[in-house]
Amino acid sequence: LSLKPICRISFTCALSHNHVYPNPIPEFAKSETRKFQTQLFRKLSENVDEFGDDLDQVVAVCAQIFSEFLHKDYGGPGTLLVEPFTDMMVALKKKKLPGAALAARASLLWAQNYVDKDWEVWNSKLK
């Protein structure tokens, strides 16, 4: 009985279609992080019972991770990853901050709704 992977050929073919994404844009990353931080604060402040006095710290942790992702890895539509949002949840739990899952989910939903669109608008202004 052979245990060779059946899908190896099709997986390799899928990877052979390299698409080069633009490098991250530091100015976009800074601007988008500010927008994210402001809007995440507004969203999470609706749950005062959940976050209490820790709201500022929760938002700061999420914004730091989001900023690092935008500065290092985000190169436009097609490059939004789920990892920074899981990293947010893990970091919040490690710091024993409340609402880790809620904050990470709100962050992910915000990013899905805005980041790619904001990138397109940003780059349309450069042309």
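Side notes on the structure shown:
- Complete set of residues in the stretch 68-127 that are under 26 Å from Glu27 (Cβ atoms) and β-branched (Val, Ile, Thr): Thr79, Val82, Val115, Val121
- Some residue of the stretch 74-94 being touching a Pro at 6+ places or on another chain (Cβ under 8 Å), surrounded by fewer than 18 Cβ atoms within 10 Å (Cβ to Cβ) and not basic (Lys, Arg): yes
- Residues that are of a type in the set (D, E, K, R) and more than 30 Å from Val48 (Cα to Cα) were ranked within the stretch 102-127; the one that is surrounded by the fewest Cβ atoms within 10 Å (Cβ to Cβ) is Lys127.
- Some residue of the stretch 51-59 being of a type in the set (S, T, N, Q), under 9 Å from the mean Cα position of the chain (by Cα), modelled with pLDDT of 95 or more and closer than 25 Å to Phe28 by Cα: no
- Positions within the stretch 45-93 being at negative phi and part of a loop (DSSP other than H, G, I, E, B), in sequence order: Asp73, Tyr74, Gly75, Pro77, Thr79, Leu80, Leu81, Val82
The values are calculated or read from the model by the stated rules, or taken from the named source; none is laboratory data. Here the structure is a predicted model, which means the values were calculated and not measured. Positions of Cβ are generated from backbone atoms using ideal geometry, with glycine treated the same way; all protein chains shown enter the neighbour counts.
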